[in-house]
Amino acid sequence: MNRTIFVITLVTALVVGLCMAATHAATQGPDNIDIFGGQSGKVPFPHAQHQDRIKDCNVCHSVFPQETEAIRKMKEKGTLKPKKVMNLQCIKCHKAEKKTGKPHGPVTCKSCHVK
């Protein structure tokens, strides 16, 4: 009897764990994203690499929602000012990482924008 309960509990825990892992993977978004960059051109963004390094999605997504084309949509509505994301999020973080001697991303506009 105790063995049966143990096996049922173990199988249930495995199923729940697998469902949670699948849900988490589905909400992580794509590995790479082309971010709307206005007239300067798109910004190829290594999303998975940032997730691995930063861990907390809200570091970036406190500024814009986790949805496709969120930055473009917000800029078109006027709810996100030009350069706000790049200057207050990306470049600020990259410069801070560079200052501490850690590997860092680009720190100039033209390093990211592709026409």
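Which pairs turn up if I take residues in segment 77-100 that are over 19 Å from Lys42 (Cα atoms) and look for partners that are among the β-branched types (Val, Ile, Thr) with beta carbon separation below 9 Å, at least 6 apart in sequence or on another chain?
Cys93/Ile54; Cys93/Val59; Lys95/Val107; Lys98/Val107
If a residue must be among the hydrophobic types (A, V, I, L, M, F, W, C) and either modelled with pLDDT of 90 or more or within 17 Å of Asp31 (Cα to Cα) (or both), how many such residues does segment 60-70 contain?
Pass one, segment 60-70, residues among the hydrophobic types (A, V, I, L, M, F, W, C): 60, 63-64, 70.
Restricting the remaining residues to those that are either modelled with pLDDT of 90 or more or within 17 Å of Asp31 (Cα to Cα) (or both) gives 60, 70.
Residues that pass the stated criteria total 2.
Please name all residue pairs, on different chains or six or more residues apart, with Cβ atoms under 8 Å, provided the first residue is in segment 48-66 and is closer than 17 Å to Glu97 by Cβ and without any contact (Cβ under 8 Å) to a residue 60 or more places away in the chain and the second residue is among the polar types (S, T, N, Q) and surrounded by fewer than 14 Cβ atoms within 10 Å (Cβ to Cβ).
What qualifies is Gln51/Gln28.
Do we have Pro103 as modelled with pLDDT of 90 or more and outside any helix (DSSP H, G or I) here? Give the steps one after another, and end with the answer.
Working: modelled with pLDDT of 90 or more: yes; outside any helix (DSSP H, G or I): yes.
So Pro103 passes the test.
So, in segment 48-73, how many residues would count as being on the phi < 0 side of the Ramachandran plot and part of a loop (DSSP other than H, G, I, E, B)?
Going through segment 48-73, the residues on the phi < 0 side of the Ramachandran plot turn out to be 48-54, 56-68, 70-73.
Filter once more, keeping what is part of a loop (DSSP other than H, G, I, E, B): 56-57, 62-68.
Of the residues in that region, 9 qualify.
Any chance you could count how many residues in segment 38-96 are among the polar types (S, T, N, Q) and either surrounded by 12 or more Cβ atoms within 10 Å (Cβ to Cβ) or in contact with a strand residue (DSSP E or B) (Cβ under 8 Å, 6 or more places away or on another chain) (or both)? Can you show your working first?
Step one: filter segment 38-96 for residues among the polar types (S, T, N, Q), giving 39-40, 49, 51, 58, 62, 66, 68, 79, 87, 89.
Checking which are either surrounded by 12 or more Cβ atoms within 10 Å (Cβ to Cβ) or in contact with a strand residue (DSSP E or B) (Cβ under 8 Å, 6 or more places away or on another chain) (or both) leaves us with 40, 49, 51, 66, 87, 89.
Final tally of qualifying residues: 6.
The values are calculated or read from the model by the stated rules, or taken from the named source; none is laboratory data. Quick caveat, the model's predicted, so the values are computed rather than measured. No Cβ is skipped: glycine too gets one built from the backbone with ideal geometry, and neighbour counts run over all protein chains shown.
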